């Protein structure tokens with residue numbers, strides 16, 4: 001247990017569906033992140049939030065919409081996804097965003113888009 | 001952030017020490033050296049990080065070369081649970097991004 005939880009752990013959705021991924025951290029951290037891990041590719045950073053403000057959008061398509069209502073919760077809203085969006089979506093948190101901070105990752109949501 | 005180079009894969013016997021190398025010849029003075037690992041079907045897990053001096057924690061030791069152009073992650077006594085992909089990542093002090101490469105896949109032989 002890392003103190004970062006993600007729900008659901010598995011999700012299957014059609015291309016016309018709308019779904020949301022949820023992440024919650026119980027560590028009192030100020031920064032939260034979304035990453036995507038596709039098969040046989042390195043983890044890719046998607047979004048960074050620091051004190052609820054988005055500070056990084058790594059050229060992510062608009063069909064992925066993040067939301068950070070407070071420092072403990074992070075959502076990723078999904079709509080009209082493509083099959084190539086099937087991947088493991090990982091959430092992480094850290095105390096701060098400077099380079100000497102370690103990140104704590106959740107177990108991920110395995111997403112399959114049909 | 002500067003690039004790192006790691007072997008694609010390594011094998012080690014159970015209960016023996018493991019030395020995982022990482023080259024980072026273009027490291028800058030404000031780049032931290034981070035190590036994470038990812039066990040099968042799990043999210044990445046922080047292992048250790050350092051700047052200039054060697055570091056020890058309950059999981060591993062990090063040995064940093066004097067010129068900082070390379071580093072070695074040391075697992076003192078490998079167990080089967082240490083089988084994972086190990087990532088060596090340089091992260092500048094002012095950079096909020098953690099950029100993962102392909103890492104080293106460590107196999108532990110019973």
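Quick look at the numbers
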{"read-out": "Residues that are assigned to a loop (DSSP other than H, G, I, E, B) and within 14 Å of chain A (Cβ to nearest Cβ), drawn from the range B:25-52", "value": "B:27, B:28, B:29, B:30, B:39, B:40, B:41, B:42, B:43, B:44, B:51, B:52"}
{"read-out": "Which numbered condition residue A:97 fails, given (1) assigned to a loop (DSSP other than H, G, I, E, B); (2) modelled with pLDDT of 95 or more; (3) within 13 Å of chain B (Cβ to nearest Cβ)", "value": "(2)"}
{"read-out": "Top-ranked residue of the range A:25-51 - restricted to ones that are more than 9 Å from chain B (Cβ to nearest Cβ) and buried (at least 19 other Cβ atoms within 10 Å of the Cβ), ranked as farthest from residue A:87 (Cα to Cα)", "value": "A:29"}
{"read-out": "Filter result for residue B:16 (modelled with pLDDT of 95 or more, outside any strand (DSSP E or B) and surrounded by fewer than 12 Cβ atoms within 10 Å (Cβ to Cβ))", "value": "no"}
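Here is a yes/no grid of residues against (1) buried (at least 21 other Cβ atoms within 10 Å of the Cβ); (2) at pLDDT below 95:
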{"position": "A:72", "(1), (2)": "no, no"}
{"position": "A:87", "(1), (2)": "no, no"}
{"position": "A:109", "(1), (2)": "yes, no"}
{"position": "A:114", "(1), (2)": "no, yes"}
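The values are calculated or read from the model by the stated rules, or taken from the named source; none is laboratory data. The structure displayed is predicted, hence computed values, not measured ones. When we count neighbours, we look across all protein chains shown, and the Cβ atoms used for this are built from the backbone with ideal geometry, even at glycine.
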